[in-house]
Amino acid sequence: MQLPEDRTRRSSRRAFLAGTAAAGALAWTPVFRAGPASARATSAAPPNFPSPVSLYQQAYQNWAGQIVIDDVWTCAPASPGDVVTLANWAQANGYRLRAKGMSHNWSPILLPAGSTGAGYVLVDTTQSLTSVSIASGAPATVTAQTGVTMDSLTTALAAAGYGFCAIPAPGDITLGGALAINAHGSAIPGRGETPLSGQTYGSLSNLILSLTAVAWSPAQGQYVLRTFERSDPDIRAFLAHLGRAFITEVTVQLARNQTVRCQSWVEVSAADLFARPSAAGPNSLASYVDGAGRVEAIWFPFTATPWLKVWTLAPNKPLLSRQVTGPYNYSFTNSVTPAENTFFDEVATGATAGTPAFEAIAISLVDTGLVATGAWDIWSQSQDVLRYVKPTTVRIVEAGFAVITSRASIQQVVSDFYTQYTSRLSYYQGLGQYPMNGPIEIRVTGLDDPADALVTGAQSPILSSVRPRPDQAGWDVAVWLDMGTLPVTPGFSQFYADMEAWIWSHYAGSYATVRPEWSKAWACTSTAPWTNTTILGAAIPAAVSAGQASGDGWDAAATILTSYDPNSVFSNPFLDTLFG
Ligand SMILES: Cc1cc2nc3c(=O)[nH]c(=O)nc-3n(C[C@H](O)[C@H](O)[C@H](O)COP(=O)(O)OP(=O)(O)OC[C@H]3O[C@@H](n4cnc5c(N)ncnc54)[C@H](O)[C@@H]3O)c2cc1C
């Protein structure tokens, strides 16, 4: 969608936000683009820019429109060597670079809200850094440049007979963006399941066997390409790095692809699914996880029955399943109805009293959509049933946390969370306030056990949300707790702050610990996510370091990342504070 230039140039953050709510169904496309010599350019081009690299001004907006910059200088390197050239140019000219994938992130790890983009050049990896090369072997591997999307990557892998145990729900994210934040799906071993060689139940970051970063060479006095093997202790800080590095290429281990069935239920009550462990029966979340290993619960506030997805490994098509031949089979979730748009418009004006009624509509749309599209029981290769979120879905904001615990405690974690969440909903409802109008989403994964990487001496990802705790050998799973709402909803950040304070204190005990889901909202205050200085400066470093050996925690990661980028070319003010 190409808008007239004058409208684009006047676009303010406020207008973008309102537009996001009112037109939540629309995939946002950067509408303004101007080259350095163009009369439309709104600021002088970065000086001395390396001429072979394509440079232009372009709008940047993150997923939920909470970060909008109308005209950032952006470039499209043609090769990893170009990125090295850019890094050395940036260092010499006082600029900083930000790797830009599909911009489908929430947290300010690319650029923070309020940035004008001055002094930065975004480096778009999606245009040319997209090569994929698959090698059979033991294990089979794929060497991919980081601008390739998960859609392209998983399609190419499937064509060669390979797949992943679990992947993020959207495919229109880049591999580089996914690995920056230890992206995950939802899987632990189901009953009787033997993991395939090459799989991990942790995050995608745990599959990395080597990676190439643009790194400062003290010997050469310049940035160079440097490849880190998984056995190199310094790779610990690069396997998940929150955008404080630039990775051009990774080699990732592969497993044989599997066929998977996905069944959906909307009949199981929230009371049963999230029951106290003492009252948990066959319809408890833990019971489903124990059986199939792969679940997702989506529960809309004020409703009685969540949408429960259960994925089961199924070598042959089950009789009652419908075979699908591609991804994104829940079309009803990837568009917005007129009724939804009306509600979004109301919320944008501060009128939220219709929230309970809207939530009832939301789950009924799932119910009817599953039937109308024949999607309640589908079967196919893994990449077809594990990708189901398109960029045309509603652009809500989500707060996210990974609770590390034992498999036996999954029900305790979700039950406690549900009890607390509903209690806060009721509290605010009593005040006539409805800060939450999107669903909570719960998934369960394993941890990033370095033993899953099929190389000797594999190192552990320090910054991964799902890094194991060596002092807690029994903690073997992560329960991912996400809370969604429209970003224009009054009071949402206060609600997040309430829940986050409870999450940090409640799961900091003998049965669990918690870490942020880096791509989402965390460190919340009543004003905004990512602004709580105590959480940023103390709670997060402590959570990352807790239970790890000396020299193997937060400070070690910050030191390693700084040592390979002492000029902070790959950073931004938010990351400066976080790692400061
Ligand atoms: C609707 C929706 C659903 C989602 N579902 C899931 C899910 O199921 N599981 C999950 O784990 N995540 C999920 N996410 C989060 C998503 O995986 C992350 O936001 C991811 O970072 C997006 O990738 P991107 O290409 O859009 O990255 P961008 O937003 O472009 O960048 C994100 C960060 O990665 C950095 N980066 C990108 N490329 C590189 C590179 N080559 N080198 C160094 N740094 C780089 C950027 O600088 C930035 O800091 C979801 C997001 C959305 C919007």
Unmet requirement for residue 395, which otherwise passes all of (1) within 16 Å of the ligand (Cβ to nearest atom); (2) touching a strand residue (DSSP E or B) at 6+ places or on another chain (Cβ under 7 Å): (2)
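Can you pull out the residues in the stretch 485-542 that are of a type in the set (A, V, I, L, M) and outside any helix (DSSP H, G or I)?
486, 488, 508, 512, 514, 521, 523, 528
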State all residues of the stretch 513-528 that are open to solvent by 10 Å² or more (accessible area, probe 1.4 Å) and away from the ligand (no atom under 13 Å from the Cβ); if no residue qualifies, say none. 513, 525, 526, 527, 528
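Residue-wise test of (1) within 23 Å of residue 481 (Cβ to Cβ); (2) buried (at least 17 other Cβ atoms within 10 Å of the Cβ); (3) of a type in the set (Val, Ile, Thr).
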position	(1), (2), (3)
309	yes, yes, no
353	no, no, no
359	yes, yes, no
363	yes, yes, yes
374	no, no, no
379	no, yes, no
I want to confirm something. Restricting to the stretch 142-193 and keeping residues that are out of contact with any Ser or Thr (no Cβ under 7 Å at 6 or more places or on another chain) and at positive phi, which single residue is farthest from the ligand (Cβ to nearest atom)? 192
For a quick check of your reading of the model, give me the residue pairs whose first member lies in the stretch 156-180 and is under 13 Å from residue 254 (Cα atoms), whose second is polar (S, T, N, Q) and near the ligand (Cβ under 9 Å from one of its atoms), with beta-carbon atoms closer than 9 Å and at least 6 apart or on different chains. 166/186; 166/203
Could you run through the stretch 170-182 and say how many residues are buried (at least 24 other Cβ atoms within 10 Å of the Cβ) and assigned to a loop (DSSP other than H, G, I, E, B)? 3
Looking across the stretch 398-426 at residues that are touching a helix residue (DSSP H, G or I) at 6+ places or on another chain (Cβ under 6 Å) and more than 24 Å from residue 535 (Cα to Cα), the single one that is most open to solvent (accessible area, probe 1.4 Å) is 412
In the set 212, 200, 194, which member is crowded, with 23+ Cβ neighbours inside 10 Å and out of contact with any His (no Cβ under 8 Å at 6 or more places or on another chain)? 200
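For every residue, the table says whether it meets (1) open to solvent by 20 Å² or more (accessible area, probe 1.4 Å); (2) away from the ligand (no atom under 16 Å from the Cβ); (3) touching a strand residue (DSSP E or B) at 6+ places or on another chain (Cβ under 6 Å); (4) modelled with pLDDT of 95 or more.
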{"residue": "99", "(1), (2), (3), (4)": "yes, no, yes, yes"}
{"residue": "102", "(1), (2), (3), (4)": "yes, no, yes, yes"}
{"residue": "107", "(1), (2), (3), (4)": "no, no, no, yes"}
{"residue": "123", "(1), (2), (3), (4)": "no, no, yes, yes"}
Looking at 275, 271, which is the one that is surrounded by fewer than 17 Cβ atoms within 10 Å (Cβ to Cβ), over 21 Å from the mean Cα position of the chain (by Cα) and not in a strand (DSSP E or B)? 271
Identify, by number, the condition in (1) surrounded by fewer than 19 Cβ atoms within 10 Å (Cβ to Cβ); (2) more than 16 Å from the ligand (Cβ to nearest atom) that residue 468 doesn't meet. (1)
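The values are calculated or read from the model by the stated rules, or taken from the named source; none is laboratory data. This one's a predicted model, so the numbers in the text were calculated from it and none came from an experiment. All Cβ positions, glycine included, derive from the backbone under ideal geometry; neighbour counts span all protein chains shown. Note: areas computed on protein heavy atoms with side chains; ligands, DNA, RNA excluded. Shrake-Rupley method; radii C 1.70, N 1.55, O 1.52, S 1.80 Å.
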